[in-house]
Amino acid sequence: MCGIVAYVGDRTAYPILIKGLQRLEYRGYDSAGIALFNGEGARVYKCKGKVKDLQALVRDKEVGGSIGMGHTRWATHGEPSDANAHPHASMHGTFHVVHNGIIENHVHLRSELARRGYAFRSETDTEVLANLIEDVYREQGVSAELAVRLALTRVVGAYGLVILCEDEPGRLIAARKGSPLVIGVGEGEYFLASDAMPIIEYTDRVIYMNDEEVAVITPDALDLKDLYNDVKTPEIKTIKLSIENVDKGEFAHFMLKEIHEQPFSVTDTFRGRVAAGGDKIVLGGILDVMPRLVEARRVIIVACGTSWHAALVGEYLFEKYARVPVEVEYASEFRYRDPIVDEGDLVIAISQSGETADTLAAIRRVKGTGATRLGICNVAGSSVSRETDAGVYTRAGIEIGVASTKAFTSQITVLAMMAFLLGSKRRTLPADEYRELVTGLTRVPEMIAGVLEQEAKIKEIAHLYKDAPNALFLGRGILFPVALEGALKLKEISYIHAEGYPAAEMKHGPIALVDERMPVFALATSDHLYEKTAGNIQEVKARGGKVIAIATRGNEEIRGLADQVIEIPPCHEALSPLLAVIPLQLFAYHVAVARGCNVDQPRNLAKSVTVE
């Protein structure tokens, strides 16, 4: 969840580390720190707060050296504080460590090390690890690399690590298990980071470390082994990222930029996958397993957060058009159950980053069952893409705002293409309706652009309700997951309590909450459930609630029912989530801005959740 950046080469490391940490701020964090090494010992600077606070701390201090590492921490063990910030040093100062992940057996290891005379300056599991490595190094008289590998065989949990040993200057040691780590390959230099964002300015050649791999890196060489000393051959890949994608451009926040990018991101998701005539879908990433998909008896989708809401939309699409039963599971719960998964099942993992810890654990949970495992993610080379049998990239582009927007619509676009394609292959979707759906999908981007033109009106509505203590979002059928997503967006970035409900469930309890202070969003598009939803709106109005309706353009009746109406263009019912969610994203954004919230980095949240 936090961020790592490191450098070894002949440049001054400090500017690279600071800029890298700034590019990792989107991941969410509460403290920051760096360690620099110039051959005469490490200098460590760290503090609670933001990277700008770290910059203020090191102003006028010595920041020379061509080897270093930096870190932004999201608190797990111990509150945000200077002492708990990374990097952490071992008791005797031999090792300096930055760490993403969680060491689950840190309590046992801490007690054991305390009995051996080790003292601790922080509450973190990372300092325990630094002392464990030092203890092995001192007691067994081995190299720093071997001490790291031996220590890690005793660790239970997840880690992405960069380690500096003062006794062996000129090198960094990196290790990964469950938490991503990328090595950027330059000319006489290497860069390390949690993701490619801090690296793209310097190189487009990267190595994605695999679980239980350890790398020893000097400016001129990289030695890669597993924990058990078996030599590994690094695979260098070329990434296609542009530094321009990291800029907000004319927008005040990354989230707003990404909301407005959705006409383009949805287009990029289906570009080259939909035939020019709109009558055919080709998903190259799943061609090799297509026979198994066509014969699948059941689909299980595992995901978290916004991706889970996209999965719920997928459930409606797969069941209606491919006529296959679907179960949507919270990955965090699925991984600890004893699920019944058999050969013939299709398990789909959805993750924006491809590194979500619970989703990865869930997909690993079904390995060996005979089920076909597919991945839907946004990041080439990510763990989900490497641990599944096949899959589809969303191609949404870099998403920096913590509250996911364009990832949601791109994930739904992929799920729609898969459902329509499977329906065609399974002969459960008539050819004429298949063409209608595919053609309709290609028209969605221009429709999204039309919805975005109403931003000024949505901003006005947001200001009306910015001080509301609670909000409800109601939807039916395929729009129920959109209600969940709208509520999530509002509470994520504005800190207003919000809940999404199936509209018919209101009378089973939640309607007790409705009063004149309660804004209620009603997803009331012109679908086969419109009359039912209209009845639910009347129930809310009868109890004094304020109703904001998301309705199909041209519906005059809704104006007599709702207090405010936001229109979306007419479209096929199956594609309506792609349009109906846009006003909810904009509403959440403008409420948060009006309340003075940090839209791109909301409190307590992180972009990529790589711990449980």
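What follows is calculated from the coordinates using simple rules that are stated; it is not laboratory data. What you are looking at is a predicted structure, and each value in this text was computed from that prediction instead of being measured. Quick reminder, even Gly has a Cβ in these numbers, built from the backbone with ideal geometry, and neighbours come from all protein chains shown.
If the limit is 27 Å between Cα atoms, which of LYS240/LYS367; LYS320/LYS406; LYS240/LYS459; LYS52/LYS257 go over it? Cα-Cα > 27 Å for LYS240/LYS367; LYS240/LYS459; rest within.
For region 357-467, the alpha carbon convex hull comes to 170 Å³ per residue, rounded to a whole number.
Candidate cross-link partners of LYS46 among the lysines, defined by an alpha-carbon separation under 28 Å and a same-chain spacing of 8 or more, comprise LYS19, LYS61, LYS177, LYS248, LYS607. For region 13-54, the alpha carbon positions stretch 33, 19, 14 Å along the principal axes, listed from largest to smallest. The tail of the calculated P(r) for the chain, taken as Cα-Cα distances beyond 34 Å, holds 45 percent of the pairs. Could you tell me whether region 258-314 comes out rounded, prolate or oblate from its Cα gyration tensor? Rule is a ≥ b ≥ c as square roots of the eigenvalues, rounded for a/c under 1.5, then prolate if a/b exceeds b/c, otherwise oblate. Oblate, since a/c reaches 1.5 and b/c is not below a/b. By its C-alpha gyration tensor, with a ≥ b ≥ c as the square roots of the eigenvalues, how is region 248-451 shaped: rounded for a/c under 1.5, else prolate for a/b larger than b/c, else oblate? Taking the square roots of the gyration eigenvalues as a ≥ b ≥ c, region 248-451 is oblate. Global size of region 175-299: 19.8, 55 Å for Rg and Dmax (C-alpha atoms, Rg to one decimal, Dmax whole). For the pair region 276-320 / region 395-417, the C-alpha centres are spaced 15 Å from each other. When a/c reaches 1.5 or more, the comparison of a/b and b/c decides; with that in mind, is region 382-440 rounded, prolate or oblate per its Cα gyration tensor? The shape class here is oblate. Dividing the convex hull volume of the alpha-carbon atoms in region 160-205 by its residue count gives 71 Å³ per residue. Spin-label model, LEU287 to ALA83: label points 7 Å out along the Cα-to-beta-carbon direction sit 6.0 nm apart.
Computed from the Cβ-Cβ distance with R0 of 22 Å, the FRET efficiency linking SER143 to HIS92 stands at 0.85. Over all other residues within a Cβ to Cβ distance under 15 Å of GLY188, the charged ones net out to -1, with Lys and Arg as +1 and Asp and Glu as -1.
Taking every DSSP beta bridge that has both ends in the chain, the antiparallel portion is near 60%. Between GLU319 and ASP53, the FRET efficiency from the beta-carbon distance, with R0 = 60 Å, is close to 0.75. Using the membrane-span-like helix rule (whole DSSP H runs, Cα extent along the own axis of at least 18 Å, mean Kyte-Doolittle hydropathy at least -1.0), which helices of the chain qualify? Going by DSSP H runs, the hits are 125-140, 305-317, 406-425, 431-452, 480-494, 576-594. Taking other C-beta atoms within 10 Å as the exposure proxy, THR525, THR94, THR439 rank THR439, THR94, THR525 from fewest upward. Just report the Cα centroid separation between region 471-517 and region 209-227, whole Å. If we compute the Cα centre of each part, the gap is 48 Å. The Cβ shell under 12 Å around ASN38 holds other residues with a net charge of -2, Lys and Arg each +1, Asp and Glu each -1. This ranking places HIS92, HIS508 by how few other beta-carbon atoms lie within 10 Å of each, fewest first, which gives HIS508, HIS92.
A cut-off under 9 angstrom between Cβ atoms defines the neighbours of ASP563, and their net charge, with Lys, Arg +1 and Asp, Glu -1, is +2.
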